[in-house]
Amino acid sequence: MAAIGTDPLVAQNFLEQGNVVAIPTETVYGLAANVYNEIAVSKIFTIKQRPLANPLIVHIGSLAQVHQVISQFPPPAERLAMHYWPGPLTLLLSKKNSIPNLVTAGSTRVAVRIPNHSLTLQLLKNLGFPLAAPSANPFGYVSPTTPEHVQDQLGSQIPYILAGGKCTVGIESTIVGFEDEKIIIYRLGGISVESIEQIVGPVIIHNPAKDLPQSIVTPGNFPQHYSPTKPLKIGPIPELLATYGHQKIGILGFDKYYEGINKQAQVLLAPSGSLQEAAYNLFTALRQLDQMPIDMILSTYVPDTDLGRAINDRLMRASANRTQT
Ligand code: TXA
Ligand code: MG
């Protein structure tokens, strides 16, 4: 199993030797390697069992470093970076030639962000290279938000997990791209659409489910993703119960328990009713339900504003039928 520790210097040594290590971010844990070391980067794909056609986000430690990764910084991208970095915002921009094609799956655009976690920022500032890192889960499964989640699933394949506690945001970064004059959100995430629009005005939200399979602009944005192994149905719980209530079910609720159902089989995303709290708990809750002795998970949608849109997006992907992709 992987050693779990809190020393960025240990992580640094492993990374400098071409190893892959897990790193904490504010969104989810990442599976990181030296972006310039293609052998190390290829290990990420093997460990995750991820298709090579699905590119990786490049993580940097400061705004000054961004020009090592991108060749152009359009003004709206720069404004967003100034506002939300370090933070759960990934920008899709023209890449520098020095970024290997393996990292971008052959695309001329690279996804880049500064994560907001003190240990990882310290690590990135000491390293002489940026880190390519996808979420540290097996391809298609729920993303990890604690060191234990990483250990459980990938611990036997990596030497070290840099442990930084439970991820404070709990849901992946928002991915934003720039085409002609348009600003496009390719993945809903930890920074809300409303927050992006406050800085750059109206944006377009890319709909991967609708646009697939002709134009997979963000290749990893598969409709089925972030999934527990148990079937998941989403909708008003009383209606779902009418259809599926005869099975052994577990319930993912928002802020209140449902009466007449065993509380042990219910997990609440946010007793306080806050969407931040719901995002923070989402992936832990899905894992918890996945491990219960039940046949099926029934989940409610959360209010579809702010972070709620990203939460509902993850729930929908988690529930999508595997045979469709
Ligand atoms: O919050 C996050 O973004 C986390 C933490 C670890 O930073 N990372 C993460 O990575 O969620 P991953 O690989 O699980 O999801 C990244 C998404 C994928 O859908 C991938 O296809 C897309 O970003 N992506 C990465 N590079 C891209 C590129 N050059 N062009 C288009 N899409 C890209
Ligand atoms: Mg992922």
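The values are calculated or read from the model by the stated rules, or taken from the named source; none is laboratory data. Source: prediction; values computed, not measured. Note that each Cβ is placed from the backbone with ideal geometry, even for glycine, and that neighbours are counted across all protein chains shown.
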Which pairs have Cβ atoms under 7 Å, sit 6 or more apart or on different chains, and link a residue in the stretch 12-25 that is more than 21 Å from residue 170 (Cβ to Cβ) to one that is within 12 Å of ligand 1 (Cβ to nearest atom) and not in a strand (DSSP E or B)? 20/44
Flag if residue 145 is surrounded by fewer than 21 Cβ atoms within 10 Å (Cβ to Cβ), within 18 Å of the chain's Cα centre (by Cα) and at pLDDT 95 or above: no
Could we say that residue 154 is more than 22 Å from residue 93 (Cβ to Cβ), within 15 Å of ligand 1 (Cβ to nearest atom), of a type in the set (A, V, I, L, M, F, W, C) and touching a Lys or Arg at 6+ places or on another chain (Cβ under 8 Å) here? yes
Please enumerate the residues belonging to the stretch 54-75 that are surrounded by fewer than 19 Cβ atoms within 10 Å (Cβ to Cβ) and assigned to a helix (DSSP H, G or I). 63, 64, 65, 67, 68, 75
Where residue 94 falls short, out of the listed (1) without any contact (Cβ under 8 Å) to a residue 60 or more places away in the chain; (2) more than 16 Å from ligand 2 (Cβ to nearest atom); (3) in a loop (DSSP other than H, G, I, E, B): (3)
Any residue in the stretch 168-181 that's at pLDDT 95 or above: show its pairings with residues that are more than 10 Å from ligand 1 (Cβ to nearest atom) and of a type in the set (Phe, Trp, Tyr) at Cβ separation under 6 Å, as long as the two are six or more apart or on different chains. 170/280
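Yes/no per residue for (1) over 18 Å from the mean Cα position of the chain (by Cα); (2) under 21 Å from residue 135 (Cβ atoms); (3) modelled with pLDDT of 95 or more:
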| site | (1), (2), (3) |
| --- | --- |
| 192 | no, yes, yes |
| 197 | yes, no, yes |
| 200 | yes, no, yes |
| 211 | yes, no, no |
| 217 | no, yes, no |
| 249 | yes, no, yes |
| 262 | yes, no, no |
Specify the residue that is farthest from the chain's Cα centre (by Cα); the eligible residues are those in the stretch 219-247 that are part of a loop (DSSP other than H, G, I, E, B) and at pLDDT 85 or above. 246
Scanning the stretch 97-109 for residues that are closer than 16 Å to residue 34 by Cβ and touching a residue at least 60 places away in the same chain (Cβ under 8 Å), which turns out surrounded by the fewest Cβ atoms within 10 Å (Cβ to Cβ)? 98
Going residue by residue through the stretch 110-126, is there one that turns out to be surrounded by fewer than 17 Cβ atoms within 10 Å (Cβ to Cβ) and either assigned to a loop (DSSP other than H, G, I, E, B) or within 13 Å of ligand 2 (Cβ to nearest atom) (or both)? no
With respect to residue 139, determine if the residue is touching a residue at least 40 places away in the same chain (Cβ under 8 Å), away from ligand 1 (no atom under 11 Å from the Cβ) and in a loop (DSSP other than H, G, I, E, B). no
Working only within the stretch 44-56, note down all residues that are within 9 Å of ligand 1 (Cβ to nearest atom) and touching a helix residue (DSSP H, G or I) at 6+ places or on another chain (Cβ under 9 Å). 48, 50, 54, 55, 56
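Say we look at the stretch 256-314 and pick out the residues that are in a loop (DSSP other than H, G, I, E, B) and of a type in the set (A, V, I, L, M, F, W, C); which of these is farthest from residue 235 (Cα to Cα)?
This residue is 292.
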Test residue 34 against the stated conditions and say whether it is surrounded by fewer than 22 Cβ atoms within 10 Å (Cβ to Cβ) and within 11 Å of ligand 1 (Cβ to nearest atom). no
Within the stretch 26-53, restricting to residues that are within 26 Å of residue 169 (Cβ to Cβ) and in a helix (DSSP H, G or I), the one that is nearest to ligand 2 (Cβ to nearest atom) is 48
Answer yes or no as to whether residue 125 is under 20 Å from residue 25 (Cβ atoms), modelled with pLDDT of 95 or more, over 21 Å from the mean Cα position of the chain (by Cα) and of a type in the set (Lys, Arg). yes
The number of residues in the stretch 1-25 that are under 22 Å from residue 284 (Cα atoms) and part of a loop (DSSP other than H, G, I, E, B) is 5
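Is it true that some residue in the stretch 130-144 is more than 28 Å from residue 285 (Cα to Cα) and within 16 Å of ligand 2 (Cβ to nearest atom)? Before the answer, list the steps.
Start the filter on the stretch 130-144 by keeping residues that are more than 28 Å from residue 285 (Cα to Cα), which leaves 130-131.
Then drop every residue that is not within 16 Å of ligand 2 (Cβ to nearest atom), which leaves 131.
Yes: one or more hits.
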Taking into account only those residues within the stretch 148-157 that are in contact (Cβ under 8 Å) with a residue 60 or more places away in the chain and more than 16 Å from ligand 2 (Cβ to nearest atom), which is nearest to the chain's Cα centre (by Cα)? 151
